[in-house]
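S.K.: One structure coming up, written as structure tokens, with questions to follow.
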Amino acid sequence: MEPFDLRRYRAGQYEALLERPLDVLVVGGGIVGAGVARDAAMRGLRVGLVEQHDLAFGTSSRSSRLLHGGLRYLAQGRIVLVYQASREKLVLRRIAPHLVQPLAFVFPAYRGKSWPLWQLRLGVKLYDLLCGGNNFGPSEYLSTEKTLDCLPGLASSGLTGAVRYYDALTSDARLVIDTHRSAARHGAVICNYTRLESAEPTAAGWQCALCDVLSGTQHQVLARTVVNATGPWAQSVRPSRIRLRLTKGVHLVIDRRRLPLSDAVVMTEDRRILFAIPWLDRVILGTTDTDYHGAPEAVRTEAEDVDYVLGLVNSFFPTARLGPADVLSTWAGLRALVGGQSGQPSDISRAHRIEMPEPGWLNVFGGKLTTYRLIGQQVADALVRYLGRSSLPCRTAVVPLLADCEPGFSGIAPPEVSEQAVAHLCRNEWAVRLEDVMIRRTGWRYCRPDAGDVADRVAGWMAKVFGWDAATRDAELARYRSLP
């Protein structure tokens with residue numbers, strides 16, 4: 001097979017982007033940007049999307065990998081948010097069943113703690129009602145004995161029982177990539193590694209200067225509207241004039257043999273919640289929720305984050321005796337929450353906000369992975385109203401994300417490590433760098449015990465696809481190995 005001419009392909013993408021004015025330029029290739037691009041393209045708008053890093057580079061590939069209503073938000077009185085998320089997770093099961101795996105959660109209650117059993121029993125019944133009585137499974141009360149049978153090794157002192165309820169496991173990055181692929185199939189032009197340098201208002205719309213990060217080439221595009229969906233970077237994109245509160249969430253991955261769980265577990269410290277989530281032959285532990293003030297791309301998992309998570313897990317499962325040596329991999333991400341809210345990070349609303357500070361410029365920030373489709377619908381509604389195209393209906397809740405999803409390439413479980421898979425990801429899914437494949441397209445970095453050897457093989461296969469010489473291949477490996 002001939003090498004894939006990446007330079008020629010990207011030139012063609014820019015040519016398509018620039019051939020005539022856009023109805024909307026979406027800035028940001030995370031889950032919200034992808035949802036906006038898909039909805040707008042399906043309504044017949046001419047859509048372009050740019051992302052300065054890789055698609056799903058930021059928050060959207062660093063979540064807890066859950067589709068959930070957010071049981072704890074009920075205790076905060078945020079009924080509308082829980083209702084929206086509870087309904088949206090069911091919509092995603094309909095349009096993307098390959099990325100929705102129902103998962104039971106066991107929430108133990110302890111005497112004298114801040115989540116009494118009566119409150120949990122009431123909460124999960126209300127949770128089921130907010131799903132329209134159509135949740136992934138019915139909630140139930142578990143006695144102390146049944147709780148300990150369900151969760152061997154759980155601390156028993158003060159245990160009063162538990163509740164079991166249902167949400168779903170997903171692959172966050174795959175959900176982003178598949179949404180982009182759907183958007184592209186409906187006509188959107190997707191350009192990763194493309195930075196918005198500036199945007200100036202004109203009588204015809206917004207004149208936007210773009211830079212191809214890989215080649216350094218500059219481009220000018222005219223868009224009637226611009227959507228700033230850059231997540232943690234949103235307040236630095238001019239003329240956004242928004243204020244964010246960034247909070248950091250850290251996840252740890254351990255071998256499932258060290259904490260053998262069949263259901264997910266909800267663990268608490270005061271009103272904070274942390275999950276232990278079974279995932280393949282691993283368990284994901286997370287997440288933290290602390291204020292963050294650095295550059296978004298510099299977020300890291302620190303030693304104190306690891307100590308905090310392991311300490312809380314060990315307090316619930318004292319015989320596990322987890323230590324830093326048990327941590328196989330980690331990831332850290334940022335929540336871009338609406339600024340100006342006081343209180344502890346975990347108390348800040350996850351509701352989203354859509355604003356138009358200047359004609360034709362929309363900011364969208366806040367929100368949850370689970371509600372991304374609804375956010376995209378609401379942004380597209382605002383776009384078509386502004387553009388005078390309000391008769392165009394939303395179809396994203398009924399049209400499958402990918403009607404002809406290729407078996408073996410997309411799902412909660414990663415694809416098999418093979419040269420064929422890597423070639424597909426590079427030729428059809430915008431993968432350019434080794435980390436794009438290892439982290440965001442496959443998750444091999446987090447789930448493969450031989451991830452280091454896999455990276456070597458993948459770099460060799462990518463060299464064949466792109467025609468890299470040995471120096472370029474080695475540089476990609478070095479860059480990947482330097483990632484935190």
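The values are calculated or read from the model by the stated rules, or taken from the named source; none is laboratory data. If you're wondering where the values come from, they're calculated on a predicted model, not measured in any experiment. In this analysis, Cβ positions are derived from the backbone assuming ideal geometry, glycine residues included, and neighbour counts consider all displayed protein chains.
S.K.: Residues that are among the hydroxyl-bearing types (Ser, Thr, Tyr) and closer than 25 Å to Arg272 by Cα: find the helices (runs of 4 or more DSSP H) completely inside region 1-120 holding 1 or more of those. Please lay out each step first, then the result.
M.R.: Values: elements: 6-18, 31-42, 71-75, 79-95.
So the answer is 71-75, 79-95.
S.K.: So, one more: Do we have Asp381 as buried (at least 21 other Cβ atoms within 10 Å of the Cβ), in contact (Cβ under 8 Å) with a residue 12 or more places away in the chain and of a type outside the set (Val, Ile, Thr) here?
M.R.: No.
S.K.: Also: Which of the residues that make up region 353-379 are β-branched (Val, Ile, Thr) and under 21 Å from Val399 (Cα atoms)? Break it down stepwise before answering.
M.R.: Let us first name the residues in region 353-379 that are β-branched (Val, Ile, Thr), namely 354, 364, 370-371, 375, 379.
Within region 353-379, Thr370, Thr371, Ile375, Val379 qualify.
S.K.: Could you look through region 24-61, keep only residues that are more than 19 Å from Arg10 (Cα to Cα) and of a type in the set (Lys, Arg), and pick out the one that is surrounded by the fewest Cβ atoms within 10 Å (Cβ to Cβ)?
M.R.: Arg43
S.K.: Within region 450-484, can you find the residues that are outside any helix (DSSP H, G or I), without any contact (Cβ under 8 Å) to a residue 60 or more places away in the chain and farther than 23 Å from Gly333 by Cα? Full working, then the answer.
M.R.: Going residue by residue through region 450-484, those that are outside any helix (DSSP H, G or I) are 450, 467-469, 482-484.
Those left that are additionally without any contact (Cβ under 8 Å) to a residue 60 or more places away in the chain: 450, 468-469, 482-483.
The answer is Asp450, Trp468, Asp469.
S.K.: Looking only at region 427-444, filter to residues that are among the charged types (D, E, K, R) and surrounded by 23 or more Cβ atoms within 10 Å (Cβ to Cβ); which one of those is nearest to Phe4 (Cα to Cα)? Spell out the reasoning first.
M.R.: Of all residues in region 427-444, those among the charged types (D, E, K, R) come to 427, 429, 433, 435-436, 440-441.
Imposing the further condition that a residue be surrounded by 23 or more Cβ atoms within 10 Å (Cβ to Cβ) reduces the set to 436, 440-441.
Details: Asp436: 16, Arg440: 20, Arg441: 18 Å.
Within region 427-444, the match that is nearest to Phe4 (Cα to Cα) is Asp436.
S.K.: Is it true that Thr319 is under 16 Å from the mean Cα position of the chain (by Cα) and assigned by TED's automatic domain parsing to the domain that holds Pro260?
M.R.: Numbers: under 16 Å from the mean Cα position of the chain (by Cα): no; assigned by TED's automatic domain parsing to the domain that holds Pro260: yes.
No: the conditions fail for Thr319.
S.K.: Right, something else. Inside region 344-400, can you point out the residues that are aromatic (Phe, Trp, Tyr) and at pLDDT 95 or above?
M.R.: Filtering region 344-400 for residues aromatic (Phe, Trp, Tyr) gives 361, 365, 372, 386.
Those that are aromatic (Phe, Trp, Tyr) and at pLDDT 95 or above: Trp361, Tyr372, Tyr386.
S.K.: Still on this structure: Just to check your reading of the model, which residue among Asp54, Asp5, Asp39 is charged (D, E, K, R), on the phi < 0 side of the Ramachandran plot and within 17 Å of the chain's Cα centre (by Cα)? Explain how you work it out, then say what you get.
M.R.: On the way: Asp5 fails: within 17 Å of the chain's Cα centre (by Cα); Asp39 fails: within 17 Å of the chain's Cα centre (by Cα).
Answer to the check: Asp54.
S.K.: While we're here: Test of understanding: among Thr147, Thr170, which residue is within 25 Å of the chain's Cα centre (by Cα) and in contact (Cβ under 8 Å) with a residue 24 or more places away in the chain? Break it down into steps so the answer makes sense when it comes.
M.R.: Details: Thr147 fails: within 25 Å of the chain's Cα centre (by Cα).
Every option except Thr170 fails the conditions.
S.K.: Continuing with the same structure: Let me spell it out: the conditions are (1) farther than 21 Å from His68 by Cβ; (2) not in a loop (DSSP other than H, G, I, E, B), and Ile375 meets all of them except one. Which number is the exception?
M.R.: Result: Ile375 fails condition (1) only.
S.K.: On the basis of being touching a helix residue (DSSP H, G or I) at 6+ places or on another chain (Cβ under 9 Å) and surrounded by 24 or more Cβ atoms within 10 Å (Cβ to Cβ), does Ser64 make the cut? Give the derivation first.
M.R.: On the way: touching a helix residue (DSSP H, G or I) at 6+ places or on another chain (Cβ under 9 Å): yes; surrounded by 24 or more Cβ atoms within 10 Å (Cβ to Cβ): no.
When the stated conditions are applied, Ser64 does not pass them.
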